[in-house]
1. Arranged from highest to lowest average of other beta-carbon atoms within 10 Å per residue, in what order do the peptides 35-41, 121-127, 88-94 appear?
2. To the nearest 20 Debye, how big is the dipole of the stretch 44-135 about its Cα centre, given +1 on the beta carbon of each Lys and Arg and -1 on that of each Asp and Glu?
3. Provide, in order from the shortest bin, the percent of all Cα-Cα pairs of the stretch 54-127 in each 10 Å bin, continuing until the bin that contains the maximum pair distance.
4. Quick one: order GLU75, GLU80 by neighbouring beta-carbon count within 10 Å, fewest to most.
Amino acid sequence: MPQSNLRKQYLRALAVLMMIPMLALPLKAQTSDHIVSSQVLQQKVQSQSNARQQNIQTVQKFFATPLAHRAMQVEQVSPEQIQKAIPTLSSSELANLSARASHAQQQFAAGALTTSQMLLLIIVLLIVVILVAVH
């Protein structure tokens with residue numbers, strides 16, 4: 001009887017040991033779908049950083065134009081103040097402002113905006129940059 005009892009315990013232990021890998025497999029498969037590799041994460045961060053830098057450059061070029069400098073003189077805003085404020089904007093604010101600045105430049109170049117309209121638009125965007133940077 002003791003030998004039969006020992007054999008039963010051995011078989012139970014063996015069965016439990018064989019089941020452990022089977023139970024772990026589905027759990028491992030589920031978690032691997034949700035894990036982001038460090039390479040993918042690094043690429044995403046780099047991509048967002050590049051987009052932000054591109055947006056900063058677009059907005060800075062927009063405010064570096066002679067027409068923008070004229071608008072800054074009218075509003076008594078220094079170009080340095082605007083250039084310093086631009087990088088303090090959030091990524092979404094920069095993306096929005098960059099898109100608007102690019103669109104305005106395209107419209108102006110195509111003759112769809114007059115110089116007066118462009119000056120007014122630049123003044124509005126100056127005010128937005130100043131207000132957002134202050135808050």
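1. On the way: 35-41: 8.6, 121-127: 17.9, 88-94: 15.0.
Ranking the peptides 35-41, 121-127, 88-94 by packing returns 121-127, 88-94, 35-41.
2. On the way: 6 positive and 3 negative charges, 44 e Å.
Approximately 220 debye in magnitude.
3. Pair shares across the bins are 20, 57, 23, 0.
4. Values: GLU75 12, GLU80 9.
Starting with the residue having the fewest Cβ neighbours, the order is GLU80, GLU75.
None of the figures in this text is laboratory data; all of them are computed from the coordinates on show. The model shown is predicted, which means the values in this text are computed figures rather than measured ones. Note that we place each Cβ from the backbone using ideal geometry, even for glycine, and neighbour counts take in every protein chain shown.
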